[in-house]
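Read the structure below first, then the notes.
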Amino acid sequence: DRLLGGFRKTSDKFSENLSGVSGGTSKLDDATLDDVEDALILSDLGPTAAARIRARLSEQRFGRDIDEQGLREAVAEEIAAILRPVAKPLEVTAFPRPQVVLVIGVNGSGKTTTIAKLAHLFQEDDYSVMLAAGDTFRAAAIGQLSVWADRLSIPIVKGAEGGDPASVVFDAVRKATEIGSDALIVDTAGRLQNKTELMDELAKIRRVLGRINPEAPHDVVLVLDATNGQNALSQIETFKEVAGVTGLIMTKLDGTARGGVLVAAAEKYGLPIHAIGVGETIDDLRPFDPDLVARVIA
Ligand code: GDP
């Protein structure tokens, strides 16, 4: 399985970093706890989550006999405890419809692909979906989203390249309302290098949406590339400031040893994690299962 395959890399890294602890049963002491904490940091869980897990292990088990397997299980339990509160699928509940899902993230993070995957998940749950190509800055983005829309037989509203994203979104919401779509998923530009411009653009989209439905956007989902490791965290910081973020989807967890960054993000921001991307095909968006992820990381 792809999910396990990707996290196995994270897990292998954790094993490697934990190698000092392997072999036999011993009493859990400070040296072992140091090794665990270091291994967690090296696995991209970040210093805060690592320190928290160490403290919990110490509280509960200091001086007790433990073998490597027991230690892994204890660490997995602590990771799961951090992840469980943030596991929250994206649900279509908006009334009146449509539920407007704004998708943000830097270019290359997997935003377009994730929008398609998400649309497909909604379709599988029998919701009708519409797409809005709000990244008018990149002709390629409009084209790529259109290809997905065709493949999935989903209506798409797009403007001209260089057009006003807010007007595309305005048209899309009107049309989605007219035909009774359950969900409208909006692609947006990901040009973080021009933060002020992006902020203005997203603010205008929000303003326009808010005029049509004060509740919209119902979700602002930030797509993050797990292969960026700790840099993903600074993207959360920036996008929180630029756009407000209501939840996360982390992509490319199939090919990286940096899956631990999910735990760092959960620990630091507590934002809902809606799903994870584990490949390039349409079925490769998985529900976020905290216990499974915790078990494969440790
Ligand atoms: P955007 O620029 O943010 O819209 O990114 P795209 O959706 O175009 O994705 C960039 C690249 O990442 C493409 O080659 C995608 O196929 C790939 N990609 C997206 N999500 C995943 C994922 O979960 N796993 C893998 N391995 N590749 C992904």
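The values are calculated or read from the model by the stated rules, or taken from the named source; none is laboratory data. Model, not experiment: these values are computed from the prediction. Here the Cβ is made from the backbone with ideal geometry for all residues, glycine too, and neighbour counts use every protein chain on show. These area figures cover heavy atoms from the full protein model, side chains too; ligands, DNA and RNA do not enter into them. Shrake-Rupley method; radii C 1.70, N 1.55, O 1.52, S 1.80 Å.
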So, in the stretch 20-71, of the ones that are assigned to a loop (DSSP other than H, G, I, E, B), of a type outside the set (D, E, K, R) and buried (at least 20 other Cβ atoms within 10 Å of the Cβ), which residue ends up modelled with the lowest pLDDT? S43
Within the group T136, T114, T177, which residue is closer than 20 Å to A203 by Cα and not aliphatic (A, V, I, L, M)? T136
Go through the stretch 127-155 and count every residue that is within 15 Å of the ligand (Cβ to nearest atom), touching a residue at least 12 places away in the same chain (Cβ under 8 Å) and either more than 23 Å from T93 (Cβ to Cβ) or crowded, with 21+ Cβ neighbours inside 10 Å (or both). 17
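Every residue, every condition in (1) touching a strand residue (DSSP E or B) at 6+ places or on another chain (Cβ under 9 Å); (2) at pLDDT 95 or above; (3) within 28 Å of E267 (Cα to Cα), yes or no:
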| residue | (1), (2), (3) |
| --- | --- |
| L145 | yes, yes, no |
| W148 | yes, yes, no |
| S167 | no, yes, no |
| A183 | yes, yes, no |
| G190 | yes, no, yes |
| N194 | no, no, no |
| E197 | no, no, no |
| V220 | yes, yes, yes |
| L224 | yes, yes, yes |
Restricting attention to the stretch 221-238, the residues that are more than 16 Å from D44 (Cβ to Cβ) and within 13 Å of the ligand (Cβ to nearest atom) number exactly 3
Going through (1) over 11 Å from the mean Cα position of the chain (by Cα); (2) surrounded by 22 or more Cβ atoms within 10 Å (Cβ to Cβ); (3) of a type outside the set (D, E, K, R) one by one, N231 fails only at (2)
Considering the stretch 254-277 alone, what residues qualify as being open to solvent by 30 Å² or more (accessible area, probe 1.4 Å) and either without any contact (Cβ under 8 Å) to a residue 40 or more places away in the chain or within 12 Å of the ligand (Cβ to nearest atom) (or both)? D254, G255, Y269
Open to solvent by 10 Å² or more (accessible area, probe 1.4 Å) and more than 13 Å from the ligand (Cβ to nearest atom), is that true of L248? no
Pull up the stretch 278-292, narrow it to residues that are out of contact with any helix residue (DSSP H, G or I) (no Cβ under 6 Å at 6 or more places or on another chain) and of a type in the set (A, V, I, L, M, F, W, C), then point me to the one that is farthest from the ligand (Cβ to nearest atom). L292
Taking the criterion of being touching a strand residue (DSSP E or B) at 6+ places or on another chain (Cβ under 8 Å) and closer than 20 Å to D225 by Cβ, would at least one residue in the stretch 58-78 satisfy it? no
Could you tell me how many of the residues in the stretch 104-126 are more than 13 Å from the ligand (Cβ to nearest atom), open to solvent by 40 Å² or more (accessible area, probe 1.4 Å) and within 28 Å of K240 (Cα to Cα)? 1
Mind listing whichever residues of the stretch 75-124 are in a helix (DSSP H, G or I) and in contact with a Phe, Trp or Tyr (Cβ under 6 Å, 6 or more places away or on another chain)? A116
When both residues are 6+ apart or on different chains and their Cβ atoms are under 9 Å apart, which pairs have a first residue that lies in the stretch 169-180 and is closer than 16 Å to L102 by Cβ, and a second that is outside any helix (DSSP H, G or I) and open to solvent by 100 Å² or more (accessible area, probe 1.4 Å)? A172/K158
